[in-house]
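**Student:** Input: one structure, supplied below.
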Amino acid sequence: MSLGKMMDKALTTTSIIEHAGRFHTNTPVISVETDGTISRTGWGEVESNARKLNAALVRLGVKTGERCATIAWNNRRHVEIYFGVAGAGMVCHTINPRLFPEQLIYIMNHAEDKVLFFDKTFAPAIGKLREHLKTIEHYVYMGAADDEVAAAVDGVLFMDDLIAAETDDATWPEIDERMPSSLCYTSGTTGNPKGVEYTHRSTVLHTLGANQADGLGLSAKDVVMPVVPMFHVNAWGVPYATAAVGSSLVLPGPGLDGESLVKLIDGEKVTMALGVPTIWLGLMNALEKTGSKALSLQRTLIGGSAAPSYMIREFDEKYGVELIHGWGMTETSPLGSINQLLAKHTDLPHDEKLKLRESQGRPPYGVDLRLVSDEGEILPHDGKAAGNLQISGPWVVDTYFKADGSALTDDGWFDTGDVAMIDEDGYLFITDRSKDIIKSGGEWISTVELEDIAISHPGVSNAAAIAARHEKWDERPVVLAIKAEGADPSEADILAHYEGKIAHWQIPDKVIFVDSLPIGGTGKILKNKLRDEYGDVLMTEDA
Ligand code: ADP
């Protein structure tokens, strides 16, 4: 007599795309191609192309576990590569094209990539890098046969030809859910980038965990536009989450300027869009300029750096768009927390609700968070104690790709490098990255808070706060600010704007107006560059 048994089905990314192909066959996947044209297919075609690509890779002799890299925009073929490569038992290694050539070379050699898929934009650069790439055996252009590309990259293969050479009988192989499926390197602002290799299982669990109603909450009624690049932590998992629930997917290609995004939102009736705050600044300016009310847009998820409070208010009050704030990192797939209100908040006044939405949110099921002091003491979740944020869960890294030992603490937690506070309801407040926080006379000042206040001044379009060296206090805050178009605030205006919003000793010592701020590959401000340039401004004066 048997005790009974449940089916033992592997949790694989293949199971996700198979579901989308079978049950959401004609749900549109809309893709802006590199030449600006729009292609319209559906999950059925994406699944069939991915399945044929997987057969083509096997035919090319790429082996299980080997890495296939992509240097590409958010487009339909990139989604097919995500599923096709992983489904064939290989690892989809997405690469940030905005890295310096030396970093690109380091990453591809370190990952020992065997195949490199690329979009046309990057063909000339790849032609030049090629002599340094030691392991790549096949260069595959993501498109139909093209003479220009063939001239730039000798011996190139064309993805559309590879797919066309396979038949509909191509099948998905069986794979173990603990096999790796994708690889993403951290940006490595200090030291060499580190690789995080996700597994099929971690990706499926992240998909289910991230997509709970109080998470991304995507559904088959949504038209979802990931503006977050597909090389930035797998576009925060959106290609998997949309396929799992059968949302329509809108892929913006290379045009990430505000006006192109507004056109897509209005033209394709996007209901949910995701991206980092810098991109959303561009979007808000474009909405203002074009007069669009973004009528279809219901929700937008912002993460990667802190969502400015005025942005939460403006999206809500001007456009009726709910801004959902999330926190995560490459090492956490990325979702670590996401902001939704609780039942007890329903009747709160509007302003108090908006205030609560500023938090980075609460961990979804699957993630555990804790705060630890520098001395190793576990701190309470009381809304007061700030400490090192640590995380654990089945979609959190244990060991970096090719690293010798585990990256975890002795008791199995991953230290995020962020300083945070958690309140009694489990809401997380990121104070800063530990390396960015300003230590003034032994007290901490949050750059996140200083920036939020600066950006809330109508004469400022963007701002960054850094620690500048100081003879007496070790470090003091300095704010670099970009003036808003047509505005001309003075340093005194901005400093006055801080009065009453934070303790007096936290008010910056100096505001410097700049024309631009250095932005890294994933759209975040490079504070280390600013520290190099402005770190001594207080030392050269009468401090
Ligand atoms: P990198 O920025 O190094 O390329 P990640 O994208 O993995 O790599 O960045 C993760 C970091 O981004 C977090 O550790 C945190 O410092 C910051 N971050 C992410 N989301 C938020 C947020 N909502 N608010 C503040 N900081 C955030």
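**Student:** Between segment 148-180 and segment 289-334, what is the C-alpha centre distance in whole Å?
**Tutor:** What the calculation gives is 36 Å, centre to centre.
**Student:** Here's another thing I want to ask about it. Once you treat every alpha carbon in the chain as an equal point and sum by Debye, what is log10 I(q)/I(0) at q = 0.06, 0.08, 0.12 Å⁻¹?
**Tutor:** -0.30, -0.53, -1.20
**Student:** May I pose another question? Looking at the calculated P(r) for segment 275-355, what percent of the C-alpha pair distances fall above 14 Å?
**Tutor:** Working: 2121 of 3240 pairs.
Roughly 65 percent, rounded to a whole number.
**Student:** Picking from Leu480, Gly459, Pro518, whose Cα lies most toward the positive end of the charge dipole for segment 438-534 (charges on Cβ: Lys, Arg +1; Asp, Glu -1)?
**Tutor:** Of the options given, the answer is Pro518.
**Student:** Then there is this: For the chain, with all protein chains present and a 1.4 Å probe, just round the carbon and sulfur fraction of the accessible area to a whole percent.
**Tutor:** 50 percent
**Student:** Now a separate question. If you wrap a convex hull around the Cα atoms of segment 119-194, how much volume per residue is inside, in Å³? Write down the numbers at each step before the final one.
**Tutor:** Values: hull volume 11.4 nm³, N = 76.
So the per-residue Cα hull volume is 151 Å³.
**Student:** Now for a separate question. For segment 438-534, what log10 I(q)/I(0) values come out of the Debye formula at q = 0.16, 0.19, 0.20, 0.23 1/Å, with one point per alpha carbon and no solvent?
**Tutor:** -0.63, -0.88, -0.97, -1.25
**Student:** Mind grabbing the base-10 log of I(q)/I(0) for segment 19-62 at q = 0.20, 0.23, 0.26, 0.27 Å⁻¹? Debye formula, identical points on the C-alpha positions, no solvent, two decimal places.
**Tutor:** Those come out to -0.71, -0.79, -0.84, -0.85, one per q.
**Student:** Between Ser456 and Ile38, what's the calculated FRET efficiency when r is the beta-carbon distance and R0 is 30 Å? Round to 0.05.
**Tutor:** Plugging the Cβ-Cβ distance into 1/(1 + (r/R0)^6) gives 0.25.
**Student:** Okay, moving on. In whole percent, what relative contact order does segment 438-534 give with Cα contacts below 8 Å and a gap of six or more residues?
**Tutor:** Details: 162 pairs, mean separation 25.8, N = 97.
Over segment 438-534, the number comes to 27 percent.
**Student:** Next up: How large is Rg over Rh for segment 188-286, taking Rg from the Cα atoms and Rh as the Kirkwood inverse mean of 1/r across Cα pairs? It would help to have the intermediate numbers written out before the result.
**Tutor:** Details: Rg = 14.6 Å, Rh = 14.6 Å.
Ratio value, two decimals: 1.00.
**Student:** Let me ask something additional. Would you please put 347-356, 316-325, 303-312 in order of how densely packed they are, using the mean number of other Cβ atoms within 10 angstrom per residue and starting with the highest? The partial results should precede the final answer.
**Tutor:** Values: 347-356: 12.3, 316-325: 18.1, 303-312: 22.2.
Packing proxy ranking, top to bottom: 303-312, 316-325, 347-356.
**Student:** Right, here's the next one. In bins 10 Å wide, starting from 0, what share of all Cα pairs of segment 114-155 does each bin hold, as a percent?
**Tutor:** 29, 63, 8
**Student:** Would you work out the charge dipole size for the chain about its Cα centre, treating the Cβ of every Lys and Arg as +1 and the Cβ of every Asp and Glu as -1, and quote it to the nearest 20 debye? Show your work: numbers first, answer last.
**Tutor:** Details: 49 positive and 78 negative charges, 221 e Å.
Result for the chain is approximately 1060 debye, rounded to the nearest 20.
**Student:** Let me have the relative contact order for the chain, percent, based on Cα pairs under 8 Å that are six or more residues apart. If you can, show how the numbers build up before the last one.
**Tutor:** Numbers: 1159 pairs, mean separation 55.6, N = 543.
That works out to 10 percent.
**Student:** Just list whichever of Lys194/Lys510; Lys194/Lys263; Lys52/Lys221; Lys293/Lys483 have alpha carbons separated by over 31 Å in the model shown. Show your work: numbers first, answer last.
**Tutor:** Working: Lys194/Lys510 35 Å; Lys194/Lys263 37 Å; Lys52/Lys221 28 Å; Lys293/Lys483 25 Å.
Those over the limit are Lys194/Lys510; Lys194/Lys263.
**Student:** Please give the net charge around Leu60, taking every other residue with its beta carbon less than 13 angstrom from that of Leu60, where Lys and Arg add +1 and Asp and Glu add -1. The partial results should precede the final answer.
**Tutor:** On the way: positive: Lys52, Arg59, Lys63, Lys114; negative: Glu66, Glu137, Asp161, Glu166.
Spelling it out: positives minus negatives among the neighbours equals 0.
**Student:** Follow-up question, since we're still on this one. Calculated from DSSP H runs of 4 or more alone, at -39500 (n - 2.57) each and per residue, what is the 222 nm mean residue ellipticity of the chain, nearest 500? Intermediate values should be presented prior to the final figure.
**Tutor:** Details: 17 runs with 162 residues, N = 543.
Mean residue ellipticity at 222 nm (helix-derived): -8500 deg cm²/dmol.
**Student:** Still on this model: Among DSSP beta bridges lying fully in the chain, give the percent that are antiparallel, nearest 5. Please list the in-between numbers first.
**Tutor:** Numbers: 47 of 84 bridges.
Expressed as a percentage, antiparallel bridges in the chain total about 55.
**Student:** Right, next: Taking segment 394-439, which trypsin sites (Lys or Arg not before Pro) meet the DSSP loop condition and have no more than 14 other C-beta atoms within 10 Å? Intermediate values should be presented prior to the final figure.
**Tutor:** Details: sites: Lys402, Arg433, Lys435, Lys439; in loops: Lys402, Lys435.
Filter output for segment 394-439: Lys402, Lys435.
**Student:** Treating only the Cβ atoms of Lys and Arg (+1) and Asp and Glu (-1) as charged, compute the dipole magnitude of segment 1-95 about its Cα centre; round to the nearest 20 debye. It would help to have the intermediate numbers written out before the result.
**Tutor:** Details: 11 positive and 8 negative charges, 49 e Å.
Dipole magnitude for segment 1-95 comes out near 240 debye.
**Student:** Please compute one quarter of the surface area of the Cα convex hull for segment 342-428 and express it in square nanometres. Present the calculation step by step, with values, prior to reporting the outcome.
**Tutor:** Values: hull surface 27.7 nm².
One quarter of the hull surface, i.e. the mean projection, equals 6.9 nm².
**Student:** If you don't mind, there's one more thing I want to ask. Hey, what did segment 19-106 get for relative contact order, percent, Cα under 8 Å, at least 6 apart? If you can, show how the numbers build up before the last one.
**Tutor:** Numbers: 120 pairs, mean separation 23.1, N = 88.
26 percent.
**Student:** Another question about this same structure. Can you order the peptides 516-525, 481-490, 385-394 by their average number of other Cβ atoms within 10 Å per residue, highest first? Write down the numbers at each step before the final one.
**Tutor:** Working: 516-525: 17.3, 481-490: 14.1, 385-394: 20.1.
Ranked from most to least packed, the peptides come out as 385-394, 516-525, 481-490.
**Student:** Still on this structure, please answer the following. If Rh is defined by the Kirkwood formula over all Cα pairs and Rg also comes from Cα, what ratio Rg/Rh do you get for segment 228-285?
**Tutor:** Over the Cα atoms of segment 228-285, Rg/Rh equals 0.95.
**Student:** Cβ neighbours within 10 Å, averaged per peptide: list 472-479, 77-84 in order, most packed at the top. Kindly include the intermediate steps, with their values, before the conclusion.
**Tutor:** Details: 472-479: 20.5, 77-84: 28.0.
Order by mean packing, descending: 77-84, 472-479.
**Student:** Which whole-angstrom value gives the distance between the alpha carbon centres of segment 79-132 and segment 185-253?
**Tutor:** So the two Cα centres are separated by 19 Å.
**Student:** Over segment 438-534, average the accessible area per residue using a 1.4 Å probe and give it in Å², no decimals.
**Tutor:** 47 Å²
**Student:** Separate question: Between segment 500-526 and segment 371-445, what is the separation of their alpha carbon centroids in Å?
**Tutor:** 23 Å
**Student:** In Å, what is the Rg of the alpha-carbon atoms in segment 420-463, and how long is Dmax?
**Tutor:** 12.6, 36
**Student:** Here's another thing I want to ask about it. Along the charge dipole of the chain, which of Ser440, Leu408, Ala210 sits closest to the positive end, that is, farthest toward it, with unit charges on the beta carbon of Lys, Arg, Asp and Glu (+1, +1, -1, -1)?
**Tutor:** The Cα lying farthest towards the positive end belongs to Ala210.
**Student:** Oh, and also: If you keep only loop residues by DSSP, which GluC sites (Glu not before Pro) in segment 163-247 have at most 10 other Cβ atoms within 10 Å of their Cβ?
**Tutor:** Working: sites: Glu166, Glu174, Glu177, Glu197; in loops: Glu166, Glu174, Glu177.
Sparse-neighbourhood loop GluC sites (Glu not before Pro): Glu174.
**Student:** Across bins of 10 angstrom width beginning at 0, how are the C-alpha pair distances of segment 10-162 distributed, in whole percent?
**Tutor:** 11, 41, 36, 11, 1
**Student:** Give, rounded to the nearest 20 debye, the magnitude of the charge dipole that segment 204-298 has about its Cα centre when Lys and Arg contribute +1 at Cβ and Asp and Glu contribute -1 at Cβ. If you can, show how the numbers build up before the last one.
**Tutor:** Working: 5 positive and 7 negative charges, 20 e Å.
Approximately 100 debye in magnitude.
The values are calculated or read from the model by the stated rules, or taken from the named source; none is laboratory data. Treat the numbers as computed from the prediction; the structure is a model and nothing was measured. Here the Cβ is made from the backbone with ideal geometry for all residues, glycine too, and neighbour counts use every protein chain on show. These area figures cover heavy atoms from the full protein model, side chains too; ligands, DNA and RNA do not enter into them. Shrake-Rupley method; radii C 1.70, N 1.55, O 1.52, S 1.80 Å.
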